[in-house]
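The values are calculated or read from the model by the stated rules, or taken from the named source; none is laboratory data. As the structure is a computational prediction, the values presented were derived from the model and not from experiment. No Cβ is skipped: glycine too gets one built from the backbone with ideal geometry, and neighbour counts run over all protein chains shown.
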Amino acid sequence: MNPNENLIAKFYTAFANADFETMSECYHPKIHFIDPIFGLLKEEMVSRMWEMLILKSKGNLKIEFSNIKADEFSGTAHWMATYNFSKTNRKVINRVSAEFIFQDGLIIKHTDNFDVWKWSKQAFGFTGYILGWTGFFQDNIKEQALLSLKKFQLPNLTNS
């Protein structure tokens, strides 16, 4: 494996081990992260998101990854998260395609792609099945996710 493939493997191994500090070390200080739930997050917010998701899982998060490919500029990987969604306690198996851009030996851009409707059917059951494909429902999910991240950050910001 080349250095950037090793970096992606290090990131997902840390994720599988609930080690958000090591995950953060894989990111460039100017990291941009994009996914269908949180939208665009930048810099410290990205690390805080992973920390929040890991802590909220309370040890009930299984991460598997595969198909890591990278060159000196960009890379891809597939990963799967299995967990119980905190708001409904429903089991979710989320299959994600990730894309990476590297700078200075670190990940500067990380984009996760997955089917929000499939995710919402698992996370919200019948409601997600009926409404999960709509922009209104997806916007509401994003709003709630960002609010959750903001609330998570508040105690941490006051301790800084």
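Table for the structure above
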read-out	value
The range 53-84: number of residues that are in a helix (DSSP H, G or I) and over 29 Å from Pro29 (Cβ atoms)	0
Residue in the range 91-114 that is modelled with pLDDT under 95 and in contact with a Lys or Arg (Cβ under 9 Å, 6 or more places away or on another chain) present	no
Matching residues in the range 143-160 - criterion: being of a type outside the set (A, V, I, L, M), buried (at least 16 other Cβ atoms within 10 Å of the Cβ) and at pLDDT 85 or above	Ser148, Phe152
Search result, residues across the range 1-23 that are more than 22 Å from Trp119 (Cα to Cα) and buried (at least 18 other Cβ atoms within 10 Å of the Cβ)	Asn4, Leu7, Ile8, Phe11, Ala14, Phe20, Met23
Single residue of the range 58-81 satisfying the filter (under 28 Å from Phe126 (Cβ atoms) and surrounded by 15 or more Cβ atoms within 10 Å (Cβ to Cβ)) that is modelled with the lowest pLDDT	Leu61
Restricting the range 85-97 to residues that are part of a strand (DSSP E or B), of a type outside the set (Lys, Arg) and touching a helix residue (DSSP H, G or I) at 6+ places or on another chain (Cβ under 8 Å), the residue that is farthest from Ile63 (Cα to Cα)	Val92
Given (1) among the aromatic types (Phe, Trp, Tyr); (2) in a helix (DSSP H, G or I); (3) touching a helix residue (DSSP H, G or I) at 6+ places or on another chain (Cβ under 7 Å), index of the condition Phe100 fails	(2)
